[in-house]
Amino acid sequence: MDKLLKRTDYCGTLRKEDIGKKVVVNGWVAKNRRLGGLIFADIRDRSGIVQVVFGEGTPADVIEKAEALRSEFSVGVVGTVRERESKNNDIPTGYIEILAEDLSVYSKSETPPIYIKDDDNAAGELRLKYRYLDLRKPIMQETLAFRSKMYHVIRDFYYENGFIEVETPVLAKPTPEGARDYLVPSRVNPGMFYALPQSPQQFKQLLMIGGFDRYFQIAKCYRDEDLRADRQPEFTQIDLEMSYVDQDDVIDVQERFLQRLFKEMKGIDLKLPLPRMSWDEAMNRYGSDKPDLRFGFELVDLANVASGSEFGVFNDALNNGGRVMGININGGSEKFSRKDIDKMTEAIKAFKAKGMVWIRKEEAEIKSSVSKFFDQAALDKICNKMDAKVGDLILIVADKKEVVWASLGFLRRDIASKLELLNPNEYKLLWVVDFPMFEWSDEEGRYMAMHHPFTSPKKEHIKYLESGELDKIYADAYDIVINGYEAGGGSIRIHDSELQNRIFEVLRLTPEEIKTRFGFFIDAFKYGAPPHGGLAFGLDRLCMLLVGTDDIRQVIAFPKNQNAQCVMSEAPTIVNQKDLDILSVAINIKE
C-alpha cells in the first residue's frame with residue numbers, strides 16, 4: 001500500500017479563495033479521463049467532488065500511477081489549488097482544480113456492480129446487497145448527514161427543556177399486547193427468553209415513579225411484524241415521558257419540539273398550536289386515523305339520500321348498522337376510465353369491500369353503475385349531497401363502517417397519488433386525539449387495547465368499565481400526524497394500580513398472567529406513582545418525511561428488505577446445532 005497522505009481539506013470544501021494553497025485530499029475516484037497529455041480525475045469524499053489534474057508540473061512517476069487509475073480506487077492526492085480553465089457551474093468546486101504533485105493509491109477496486117451516482121436506477125435488492133457502495137452516493141451521504149443533524153437538534157431541545165437522557169434495557173420481558181416480540185434465548189437460564197423491546201414503555205413509566213420527572217431517549221426498538229415502505233423490524237424512537245402533566249402539557253412541549261425541528265432542518269416556520277381532530281371526526285371525514293390533509297376528497301355520509309332506494313346493497317348496509325359513504329374526485333370523470341375504476345374496485349377488496357358504485361356527472365346526463373336502480377332525479381340528489389360539478393367522479397362504498405372507512409380512506413390517498421397531489425415539500429400536521437380505549441379483535445375473540453394497556457381512559461368514561469360498555473370508553477391518547485403518516489403517538493398513563501388491574505381484567509388477563517407479566521410493574525404503583533404521560537416519535541419516519549422520500553430504507557444506513565432480511569450480511573442465518581444446544585433451543589420447522 002502507498003503511504004498515507006494526511007488530509008488537509010475535504011474535496012467538496014475547496015473554493016476560489018483557496019487558489020495557491022497546497023492541499024491534501026483523500027477519497028475515491030469518481031471518474032477519470034485523458035485529454036491530450038493531461039489526465040483528469042474527479043475525487044469524491046462525503047463533502048463532494050473536486051477535479052484533480054495530472055500534467056505539467058506533475059512528476060513523471062506520479063503521472064504513471066495516475067494512468068492506471070480506475071473508478072472507485074481509494075486514493076490520496078497532494079497538490080496546489082489553481083483556477084480551472086473550463087469551469088463547471090454545476091458543482092461548488094467548479095471554479096478550481098488541484099494540480100497534482102503526489103498520488104497514493106491506497107487500494108484498487110474491481111468494476112462496481114452498481115454505479116456510484118444518484119440516478120443509477122439499480123434494483124432495490126442490488127442496492128441493499130452492496131449497501132457499502134450505495135452509501136457512497138451523494139444522496140445517501142447527504143441524507144445520513146441530515147439524519148445526524150436531527151440527533152443534534154433533538155438532544156439540544158430536550159436538554160434545554162429539562163429532560164434527562166436515560167438508557168433503558170434492551171433485554172426485557174415479552175409483552176402480551178401489540179406486535180410480536182423478537183425473542184432472545186438465555187444461556188444461563190435454560191428454557192427462558194428475553195424479548196427485544198417494542199418500546200421502553202414500562203421502563204420509562206418506572207423512571208417517573210423513580211422521580212426523574214422528565215425523561216427522553218433516542219431508543220432502538222424491535223417489532224416482528226409485516227413490513228411496508230414506511231416500516232422496519234428494527235427502528236429508532238425519540239422516546240419521552242413527563243410527570244405531573246395532562247394531555248395539553250405533553251402536546252405543548254412536543255409542538256415546540258416540532259417547531260424547532262422543522263425550522264432548523266427545513267427552514268419552515270410551523271404555526272402553533274397545531275390543529276386537533278378527534279378520532280371519530282378523522283375516521284368519518286377521511287376514513288383514516290392518520291389523515292392526509294394536503295388534498296380534499298373527504299368522505300360524505302349518504303345515508304339520507306341512499307335510504308329507501310331500490311338498491312339492495314345500500315339498504316342492507318344501512319339496515320345492518322353499516323354506512324353508505326362516498327368521495328368526490330374533482331375532474332375525475334375525464335381522468336379515470338372504466339378500466340381504471342374496475343382496478344380500484346378490485347383493490348378495495350383487500351379491505352373486505354364487496355364492491356363499489358361509481359357516478360359520473362356529465363354535461364347532458366348523470367351516468368352510473370347503478371342507473372337501473374336510480375333515476376336521474378335520485379342520482380342528482382346524490383350529486384348535490386356530494387357537491388359534484390360537471391366532470392366529477394363519485395365513488396361510493398356501502399358496508400360495515402370499518403370496511404367503508406378503510407376502503408375510501410385507501411382510495412382517496414391512492415387517487416391523490418395518481419393525480420400527483422402529494423407534494424413532498426408541503427407539510428400538513430395535526431393531532432388526532434380521543435381514541436377509543438379498546439377495539440374488538442375477531443381473531444382473539446376479545447377486546448384489545450387500541451394503544452397499549454397502560455393508557456388512561458378519560459375520567460368521565462371510567463364508569464363504562466362497570467357497565468361493560470367498552471365501546472363507549474375513549475382514552476387520553478394522541479397521535480401526531482404528518483402528511484398521512486403517524487409520526488408519533490402517546491397517551492396519559494394510568495397511575496392508579498386499582499384502575500390498572502381493572503383494565504387488565506377487561507383484557508381478560510388472569511391474576512396469574514398479570515403477576516407473571518407485570519408483577520414488578522404493578523408493585524411499583526404501590527409506592528406513590530405520579531400522574532404522568534408521554535409520547536414517542538418515529539425518528540426514521542420523521543427523517544423520511546423531512547427528506548421527502550416515501551421509502552424509509554433511504555434514511556437508514558443498513559436497512560432490512562421486505563422480508564426482514566439484510567441481503568448484504570445475509571441475516572438472519574442458520575445457527576449450528578452446537579450453539580442451539582448451548583441455548584437449550586430446539587428447531588421445529590414445518591414444511
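Quick notes on this one:
- Of all residues in segment 434-457 being in contact with a helix residue (DSSP H, G or I) (Cβ under 7 Å, 6 or more places away or on another chain) and not in a loop (DSSP other than H, G, I, E, B), the one that is farthest from Gly332 (Cα to Cα): Tyr447
- Residue in segment 311-320 that is free of Cβ contacts under 8 Å to residues at least 12 places away in the same chain and buried (at least 17 other Cβ atoms within 10 Å of the Cβ) present: no
- Some residue of segment 64-73 being aromatic (Phe, Trp, Tyr) and open to solvent by 40 Å² or more (accessible area, probe 1.4 Å): no
- Looking across segment 510-524, the residues that are open to solvent by 10 Å² or more (accessible area, probe 1.4 Å) and either within 13 Å of Phe454 (Cβ to Cβ) or free of Cβ contacts under 8 Å to residues at least 40 places away in the same chain (or both) come down to Thr510, Pro511, Glu512, Ile514, Lys515, Thr516, Arg517, Gly519, Phe520, Ile522, Asp523, Ala524.
- Conditions (1) among the aromatic types (Phe, Trp, Tyr); (2) in a loop (DSSP other than H, G, I, E, B); (3) under 29 Å from Phe520 (Cβ atoms): number failed by Tyr478: (2)
- Ile164 modelled with pLDDT under 95 and among the aliphatic types (A, V, I, L, M): no
- Within segment 529-547, the set of residues being over 11 Å from the mean Cα position of the chain (by Cα) and among the small types (Gly, Ala, Ser) comprises Ala529, Gly533, Gly534, Ala536.
- Pairs, first outside any helix (DSSP H, G or I) in segment 136-164, second open to solvent by less than 50 Å² (accessible area, probe 1.4 Å) and aliphatic (A, V, I, L, M), C-beta under 7 Å, six or more apart: Arg136/Ile116; Lys137/Ile116; Asn161/Val253; Phe163/Leu240
- Tally of residues being of a type in the set (D, E, K, R) and at positive phi across segment 197-236: 1
- Extreme residue, surrounded by the most Cβ atoms within 10 Å (Cβ to Cβ), among residues of segment 16-36 that are at pLDDT below 95 and not charged (D, E, K, R): Asn32
- From the options Ala364, Ala353, residue that is among the aliphatic types (A, V, I, L, M), outside any helix (DSSP H, G or I), at pLDDT below 95 and more than 18 Å from Ser307 (Cβ to Cβ): Ala364
- Qualifying residue in segment 194-201 (condition: buried (at least 20 other Cβ atoms within 10 Å of the Cβ) and not in a loop (DSSP other than H, G, I, E, B)): yes
- Among the residues of segment 1-22, those that are within 19 Å of Pro59 (Cα to Cα) and over 42 Å from the mean Cα position of the chain (by Cα) comprise Asp2, Lys3, Gly20, Lys21, Lys22.
- For segment 523-550, a tally of residues being assigned to a helix (DSSP H, G or I) and either within 21 Å of Val432 (Cβ to Cβ) or touching a helix residue (DSSP H, G or I) at 6+ places or on another chain (Cβ under 6 Å) (or both) returns 10.
- Filter result (open to solvent by 50 Å² or more (accessible area, probe 1.4 Å) and either closer than 18 Å to Ala303 by Cβ or of a type in the set (S, T, N, Q) (or both)) within segment 364-392: Ser369, Ser371, Phe373, Gln376, Asp380, Lys381, Asn384, Lys385, Asp387
Per-residue answers, yes or no, for (1) touching a helix residue (DSSP H, G or I) at 6+ places or on another chain (Cβ under 6 Å); (2) buried (at least 19 other Cβ atoms within 10 Å of the Cβ); (3) modelled with pLDDT under 95:
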site	(1), (2), (3)
Ile39	yes, yes, no
Ile43	yes, yes, no
Val53	no, yes, no
Glu83	no, no, no
Asp120	no, no, yes
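- Enumeration of residues in segment 293-310 that are open to solvent by 40 Å² or more (accessible area, probe 1.4 Å), more than 19 Å from Ala388 (Cβ to Cβ) and touching a residue at least 60 places away in the same chain (Cβ under 8 Å): Leu293, Glu310
- Residue within segment 321-343 that is without any contact (Cβ under 8 Å) to a residue 24 or more places away in the chain, open to solvent by 30 Å² or more (accessible area, probe 1.4 Å) and within 30 Å of the chain's Cα centre (by Cα) present: yes
The values are calculated or read from the model by the stated rules, or taken from the named source; none is laboratory data. Computed from a prediction, not measured in an experiment: that's the story for all the values here. Cβ atoms come from the backbone with ideal geometry, glycine included; neighbour counts cover every protein chain shown. Just so you know, the surface numbers come from the protein's heavy atoms only, side chains and all, with ligands and any DNA or RNA stripped out. Shrake-Rupley method; radii C 1.70, N 1.55, O 1.52, S 1.80 Å.
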